[in-house]
1. For VAL160, what charge total do you get from the other residues with a beta carbon under 14 Å from its beta carbon, if Lys and Arg give +1 and Asp and Glu give -1?
2. Counting Lys and Arg as +1 and Asp and Glu as -1, what is the net charge of the other residues whose Cβ lies under 15 Å from the Cβ of THR51?
3. Within the set LYS17/LYS260; LYS92/LYS205; LYS205/LYS260; LYS88/LYS205; LYS89/LYS260, which residue pairs have Cα atoms separated by over 18 Å?
4. Compute the normalised compactness of region 152-295: alpha-carbon radius of gyration over 2.2 N^0.38 Å, N being the residue count.
5. Order these peptides, 286-293, 194-201, 116-123, 206-213, by their mean beta-carbon neighbour count within 10 angstrom, highest first.
6. Under 14 Å from the Cβ of ALA124, count the other residues' Cβ atoms, weight Lys and Arg +1, Asp and Glu -1, and hand me the total.
7. Ranked by Cβ crowding within 10 angstrom, fewest neighbours first, how are TRP152, TRP33 ordered?
8. Can you give the FRET efficiency for ALA31 and TRP237, using 1/(1 + (r/R0)^6), R0 = 30 Å, r = Cβ-Cβ distance, to the nearest 0.05?
Amino acid sequence: MTKDERMGVYDKAMNHKLQLRNSFLLLLTAAIWGVAFVAQSVGMDYVGPFTFNMIRSVIGGIVLIPCIFLLDKISPKEKKELSAKEQKKERKTLLTGGICCGILLAFATNFQQIGIQYTTVGRAGFITACYIIIVPLIGITFFKKKCRSTIWLAVILALVGLYLLCITEEFSIGYGDFLVLICSFLFSLHILVIDYFSPLVDGVKMSCIQFFVCGIVSGIPALFTETIVWTNVLQAWMPVLYAGVMSCGVAYTLQIVGQKNMNPTVASLILSLESCIAVLAGWIILGESLTSREVKGCILMFAAIVLAQMPEKK
């Protein structure tokens, strides 16, 4: 074996290892988000949706500030000699990415938070996971990205599962389900924007910026449409802290780090496992249950997720 061949094998092994690490980070993200549906549902007993998202986002941003300094000290990055113009461009890219992600995150989480008042945790989790369908469609339509045949079969299964889960026998969709469906579309755009910016900037710093932007955007309607009672906020300390520290500060950062150099369609499929975890969390913690029709829909959507994760045969 020549030196070039050995280097090729080594690079392939390292790339495979990196893909496995990123997949694990995204799986951990999905687990945290799945339980977060319960926190979001319980938190609504004390505060309004905009107030909840404002506080959780600000907490998420604050949690990341010491993390940024700590990571810089533990593993300092190689400093490149950049001109003033290049440094300005780098900062501009970071700020642009953080603002774009923050605005999309604010709209997505607020549609989800309002919708979760009118549907169950399990249904909300699976409807949110519709981004497994929307991400490849947007990728093909606007970015000319290709998907293998098993992905399309998974999409069809997911559509049938979504029909059983959301559409009633009278062929109508609930108000809460519709709002969460809009949230799913917005999360799809969020995934694609992260896919674009994450290779270009520091993921943790971009995550920190997006949370403060999300907090500001959520805070504006909260001030005008909701009455913020701090005693109620204190009563909701447990779900607010979980949503702020774990769901925002930890999970969204893991998403940005884990999505780096990952196919966005594959990333969205791993993240969609949050739907299954949300159903389990709603059943164990809140005592929620699903009808037989909804269970069939969940099974089909889970099968779609597993099918899409199967490696392509060469």
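1. With Lys, Arg at +1 and Asp, Glu at -1, the neighbours total +1.
2. Result for the local shell: -1.
3. Too far apart for the 18 Å limit: LYS89/LYS260.
4. Working it through for region 152-295, the quotient is 1.23.
5. Going from most to least packed, we get 206-213, 116-123, 194-201, 286-293.
6. -3
7. TRP152, TRP33
8. It comes out at approximately 0.85.
Read-outs: derived from the displayed coordinates by stated rules, not from any lab. Note that the structure is a prediction, hence the values are computed from the model and not measured. Positions of Cβ are generated from backbone atoms using ideal geometry, with glycine treated the same way; all protein chains shown enter the neighbour counts.
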